[in-house]
Amino acid sequence: MFYISKESWKNIIDYARAREEQKGHEIGGMAVITRDEDDDYIIQEPVILKQTTSAATYTLDKEALANYYVEMAHKYGKDINFLWWHSHAKMKAFWSGTDTSTMKEYNNGKWSAFLVVNVREEHKFSVCYWDPVENLVDDELNFLNAEEDKIDERITSEVNALCDEETTIVNNGWGKQVNYNHNWRLQGYGSQAYVWD
């Protein structure tokens, strides 16, 4: 399985938003993928490198990319992989023809991982297996230490205070007796309705 921390995810999205706000352009970068003790893959340290951008493309500087590979190999050793990520600014997150052509440049003999995002945090994550046959597979990107979005306690208290549950006591075909905010009401069918407190 592939995981990314909320912090690393936020960095990628912030890069995308910053370039889109500045120029309306795409942006791209790299991240390291290491393996943990459970044999899961962890995406970390997303960065941008020197690049040229436009509204529909971006190109990483080849010398900056080569230096990045060397630096990460010194830091993590040889047993690492890389994630190529980029943004589509405000467009949908999908693999364009240019993207699928560019993916071939990242063939390392085993597999390579790719991520495209947009400023709304939509994304597409895929892994391309190169051997024995080239095969691009959409995969799930999981979040490390992902906590469920909890509802604010103030909201929960307000809902509890202001909302009662409807309780049906009798339903005999003529109407039903219902408890609304501790006031009993008989709801009849059609226009009949009897109310008492």
More than 21 angstrom apart: percent of Cα pairs within segment 1-137
39
Taking the Cα centre of each part, how many Å lie between segment 54-127 and segment 1-48?
10
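Do any of Lys10/Lys104; Lys78/Lys110; Lys6/Lys50 go past 19 Å between their Cα atoms, and which? Mind dumping the intermediate values first?
Details: Lys10/Lys104 27 Å; Lys78/Lys110 14 Å; Lys6/Lys50 25 Å.
Going by Cα-Cα distance, Lys10/Lys104; Lys6/Lys50 fall outside the 19 Å limit.
Of all the accessible heavy-atom surface of segment 53-121, with the other protein chains kept in place and a 1.4 Å probe, what percent is carbon and sulfur? List each step's numbers first, then the result.
Working: 2060 of 3830 Å².
Using a 1.4 Å probe with all protein chains present, segment 53-121 comes out at 54 percent carbon and sulfur.
Let me know the charge dipole size of segment 7-120 about its Cα centre in debye, to the nearest 20, where only the beta-carbon of Lys, Arg (+1) and Asp, Glu (-1) is charged.
Values: 14 positive and 17 negative charges, 108 e Å.
Dipole of segment 7-120, to the nearest 20 debye: 520 debye.
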Collect residues whose amide H, placed 1.01 Å from N in the peptide plane, falls under 5 Å from the amide H of Gln51; neighbours closer than 5 in sequence don't count.
Asp61
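The values are calculated or read from the model by the stated rules, or taken from the named source; none is laboratory data. Computed from a predicted structure; not experimentally measured. Ideal geometry is used to build each Cβ from the backbone, glycine not excepted, and the neighbour counts take in all protein chains shown. Areas reflect the complete protein model, heavy atoms only, side chains present, ligands, DNA and RNA absent. Shrake-Rupley method; radii C 1.70, N 1.55, O 1.52, S 1.80 Å.
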